[in-house]
Amino acid sequence: RKEVEQDPGPFNVPEGATVAFNCTYSNSASQSFFWYRQDCRKEPKLLMSVYSSGNEDGRFTAQLNRASQYISLLIRDSKLSDSATYLCVSSGGSYIPTFGRGTSLIVHP
Amino acid sequence: DVKVTQSSRYLVKRTGEKVFLECVQDMDHENMFWYRQDPGLGLRLIYFSYDVKMKEKGDIPEGYSVSREKKERFSLILESASTNQTSMYLCASSPPTGFTGNTIYFGEGSWLTVV
C-alpha cells in the first residue's frame, strides 16, 4: 500500500504561535484527504477534510497541493488545548484510508 | 452523530487465551476496520470488511481473525493471545467509497494486555 509521510515532531510552540504541518502522499490516485486529531490514549477524531480549493475552519486551515502531492495544516493562535497528535489521511479509489504516523504538537504557556 | 462502540475497553488476558473484541456501529456503514496502534508505529490495519460476511486482510493479519455476521457488528478474534499482541485496538467504520469522501469514524479503543 502506498504511504503517507509526516514529520513526527514534536513541534514545541508557545501559545499564540502559528504552526504548520505538511504531509506527503505517494499514491497519485488519492482522491480524499483528511486531518485527524488524536489526544493521548484516545481515538483519532476527524479534524477537517481537505478540499482541492483549500478550506478553513476557525483557526485551522488545510490545503492540498496535488502537483507536489502534499497536504498541509496551519494552526493560528495556538492554544494549550491544541496539544495533540495530528494524523494525515489519504484515501484513493479503494475504501481503505492510508494514515500517516502523526505529527506531535506541544503548545506551552 | 456516528457512534462506534467497542464494548471492552480494558482487558487483561493470559498467553494462549482466546480473545474476542467486539465492535458495533450505528450508522449503517458498509465498511468496517480493525487497527492496532503502538507507540512509534502509528495505526496498522489488521483486517477490514466491506460487506456482511466479507473480509480482507490488512497489513498485519497474522494471529488474528475477524467475523462479520451482521452489518453493524465486526469482531476481532485473537485465537491464541501472545504478549506481542499487547496493544490498543481501534475499530472504525466508514460509508461506501465516494460518499462523504470516505470519512472514517473510530471507536474509543480497547486496551489489551497479554501476560
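Selection of first residues in the range A:18-46 that are under 24 Å from A:Ile106 (Cα atoms) and of second residues that are basic (Lys, Arg) and buried (at least 18 other Cβ atoms within 10 Å of the Cβ), restricted to Cβ pairs under 6 Å at least 6 apart or on distinct chains, gives the following pairs, ordered by first then second residue: A:Lys45/A:Arg37. Do we have any residue at all in the range A:52-72 that's surrounded by fewer than 19 Cβ atoms within 10 Å (Cβ to Cβ), among the charged types (D, E, K, R) and in contact (Cβ under 8 Å) with a residue 40 or more places away in the chain? No, the range A:52-72 contains no residue that is surrounded by fewer than 19 Cβ atoms within 10 Å (Cβ to Cβ), among the charged types (D, E, K, R) and in contact (Cβ under 8 Å) with a residue 40 or more places away in the chain. When restricted to residues that are more than 10 Å from the chain's Cα centre (by Cα) and closer than 15 Å to A:Arg41 by Cβ, the range B:23-39 contains 3.
Total residues in the range A:1-14 satisfying the condition of being open to solvent by less than 60 Å² (accessible area, probe 1.4 Å) and assigned to a loop (DSSP other than H, G, I, E, B): the figure is 1.
Which one of these is within 13 Å of chain B (Cβ to nearest Cβ), part of a loop (DSSP other than H, G, I, E, B) and either aliphatic (A, V, I, L, M) or within 13 Å of A:Ala84 (Cα to Cα) (or both): A:Ala67, A:Ala62, A:Ala17, A:Ala29? Sole residue among the options that is within 13 Å of chain B (Cβ to nearest Cβ), part of a loop (DSSP other than H, G, I, E, B) and either aliphatic (A, V, I, L, M) or within 13 Å of A:Ala84 (Cα to Cα) (or both): A:Ala29. Yes or no: A:Ser49 within 10 Å of another protein chain (Cβ to nearest Cβ) and crowded, with 20+ Cβ neighbours inside 10 Å? No; evaluated as a whole, the condition is false for this residue.
The values are calculated or read from the model by the stated rules, or taken from the named source; none is laboratory data. Not measured: the values here are computed from a predicted model. Quick reminder, even Gly has a Cβ in these numbers, built from the backbone with ideal geometry, and neighbours come from all protein chains shown. Side chains are part of the model used for accessible areas, which takes the heavy atoms of the whole protein and leaves out ligands, DNA and RNA. Shrake-Rupley method; radii C 1.70, N 1.55, O 1.52, S 1.80 Å.
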